[in-house]
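FYI, it's all coordinate maths here, none of it is from the lab. A quick note: this is a predicted structure, and the numbers were derived from the prediction, not measured. In this analysis, Cβ positions are derived from the backbone assuming ideal geometry, glycine residues included, and neighbour counts consider all displayed protein chains.
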Amino acid sequence: MSVHTPAHPLAGRVAVVTGASSGIGEATAEKLASLGAAVALLARRADRLDDLTARIRKDGGTALPIAVDVTDATAVQAAADRIQAELGTTGLLFNNAGVMLPAPIEELATEQWQRQIDLNITGLMNVIGAFTPQLVAAAASRGVADLVNTSSIAAQNIFPNFAVYSATKAYVTHLSRHLRTELGPKQVRVSAVEPGIVGTELQSHVTDHGVQQWLADSKQSMDWLTPQDIADTIAFLATLPPRANLQQITIMPTAQPS
């Protein structure tokens, strides 16, 4: 069994990261592994997961790659069962998989609307459904477990052309508040992390030219957050004493006004 030390405060804990193939998920998986957690890596791109697993293992960490689409509830449950069998009971879940496809509502980009709802809401719920029993069990045995959901500053603030994306993230934030009232008494901490602009693959998925220009202009005018900034934040909240729950964390680029 791993021994908890100041250098490895997450030793003995099993962490699951969705959206682990790039960006915030990738950086957070590496960070949690460096702190001693055994990390299960969930995403669709198996090759990217294999590369990440190799890096984590090279640094002495433990990683289990599982190629899965979180919109497939059956596949997510199978992944949860495999993780419990191979690594142990999940005690830290970073529910991070998501997509951002902003566009003016009048464009009627219904396929993009549905993609965001399917991944940002339904996929999120599939993961919560599969892993909540393990989180409750882990908290009962260790005294603490963590469910961390990736939301966005868009859950709070108003941005033209981001209506559907923002609505999905408002769902994530409000859901997290409610789940905390249910799971907190069972020593499962629930947190919503709401970043401002982070430099990840999300920007490359944007197809609307107006939003593309807005993003390009903002990159010239401010220093965007990096995935590592978010990873360090997740690590901080996961290593707090069990009595402390950061329920909602807003982290912004210093120069981003809203």
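Structural remarks
- Sorted ascending by nearby beta carbons within 10 Å, beginning with the fewest, 171, 165 become 171, 165.
- Exposure proxy ranking, count of Cβ atoms within 10 Å, fewest first, for 58, 31: 58, 31
- Computed label-point distance, nm, for sites residue 252 and residue 11 using a 7 Å Cα→Cβ extension: 4.0
- With the simple model of a label 7 Å out from the Cα in the direction of the Cβ, residue 218 to residue 77 spans 3.8 nm.
- Which of 178, 8 has the fewest Cβ neighbours within 10 Å, and the rest in rising order: 178, 8
- Peptide packing: for 182-189, 217-224, 134-141, the average count of neighbouring Cβ atoms within 10 Å per residue gives the ranking 134-141, 182-189, 217-224, highest mean first.
- Under 27 Å from residue 58, Cα to Cα: lysines that are on another chain or at least 8 residues apart: 31
- Amide H contacts of residue 39 (H built 1.01 Å from N, in plane; Pro and chain starts excluded): 15, 62, 63, 64 sit under 5 Å, all sequence-distant by 5 or more or on other chains.
- Modelled spin-label separation between residue 114 and residue 181, with each label point placed 7 Å from Cα along the Cα-to-Cβ direction: 3.4 nm.
- With Cα atoms, 0 to 90° folded angle of helix 227-238 axis to the chain main axis: 40
- R0 of 41 Å, Cβ-Cβ distance residue 106-residue 136: FRET efficiency to nearest 0.05: 0.35
- Between residue 243 and residue 69, the C-beta separation translates, for a Förster distance of 45 Å, into a calculated FRET efficiency of about 0.75.
- Cut-off 10 Å between beta-carbons: net charge of the residues surrounding residue 146, Lys and Arg +1, Asp and Glu -1: +2
- Estimated from helical segments only, the mean residue ellipticity of the chain at 222 nm is -14000 deg cm²/dmol, where each DSSP H run of four or more residues counts as -39500 (n - 2.57).
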